[in-house]
1. Which condition number does GLY47 fail, the rest of (1) assigned to a loop (DSSP other than H, G, I, E, B); (2) touching an Asp or Glu at 6+ places or on another chain (Cβ under 8 Å) being met?
2. Mind checking which pairs have a first residue in the stretch 13-42 that is free of Cβ contacts under 8 Å to residues at least 40 places away in the same chain and more than 11 Å from GLU57 (Cβ to Cβ) and a second that is surrounded by 10 or more Cβ atoms within 10 Å (Cβ to Cβ) and aromatic (Phe, Trp, Tyr), Cβ under 9 Å, 6 or more apart or different chains?
3. For the stretch 38-60, how many residues are in contact with a helix residue (DSSP H, G or I) (Cβ under 8 Å, 6 or more places away or on another chain), at pLDDT 95 or above and surrounded by 11 or more Cβ atoms within 10 Å (Cβ to Cβ)?
4. Quick one: would you say ARG26 is in a loop (DSSP other than H, G, I, E, B), in contact with a Phe, Trp or Tyr (Cβ under 9 Å, 6 or more places away or on another chain) and more than 22 Å from GLY71 (Cα to Cα)?
5. Any residue in the stretch 13-29 that is at pLDDT 90 or above and loosely packed, with under 13 Cβ neighbours inside 10 Å?
Amino acid sequence: MSLEALNKRVEQDLSYLAFGGPDWVRVTKHPEGHVYDAVIVGGGQSGLSTAFGLLRERVSNILVIDENKEG
């Protein structure tokens, strides 16, 4: 199965879970810069699972930070 086909399959599977939609958290602004709704320290399995859970609950203004480079 190609990567493109796998991506389409993931999108289809997530649509069954009602993934996506408008965020329900109000945007917060601050004169000193961007305000995140959640900052997750650690991009390992637990951190990424937490980020995915927040996205499922329609909280997308999040930041995951990790000491390692992306990838």
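1. (1)
2. From the stretch 13-42, the pairs are ASP13/PHE19; THR28/TYR36.
3. Within the stretch 38-60, the first condition is being in contact with a helix residue (DSSP H, G or I) (Cβ under 8 Å, 6 or more places away or on another chain), and the residues that meet it are 38, 40-41, 60.
If we keep only those that are at pLDDT 95 or above too, we end up with 38, 40-41.
Cutting the leftovers down to surrounded by 11 or more Cβ atoms within 10 Å (Cβ to Cβ) gives us 38, 40.
Count: 2.
4. On the way: in a loop (DSSP other than H, G, I, E, B): yes; in contact with a Phe, Trp or Tyr (Cβ under 9 Å, 6 or more places away or on another chain): no; more than 22 Å from GLY71 (Cα to Cα): yes.
Answer is no for this residue.
5. First pass over the stretch 13-29, keeping only residues at pLDDT 90 or above: none.
No - not one qualifying residue is present in the stretch 13-29.
The values are calculated or read from the model by the stated rules, or taken from the named source; none is laboratory data. All values reported here derive from a predicted model rather than from experimental measurement. So basically every Cβ, Gly included, is an ideal-geometry build from the backbone, and we count neighbours across all protein chains shown.
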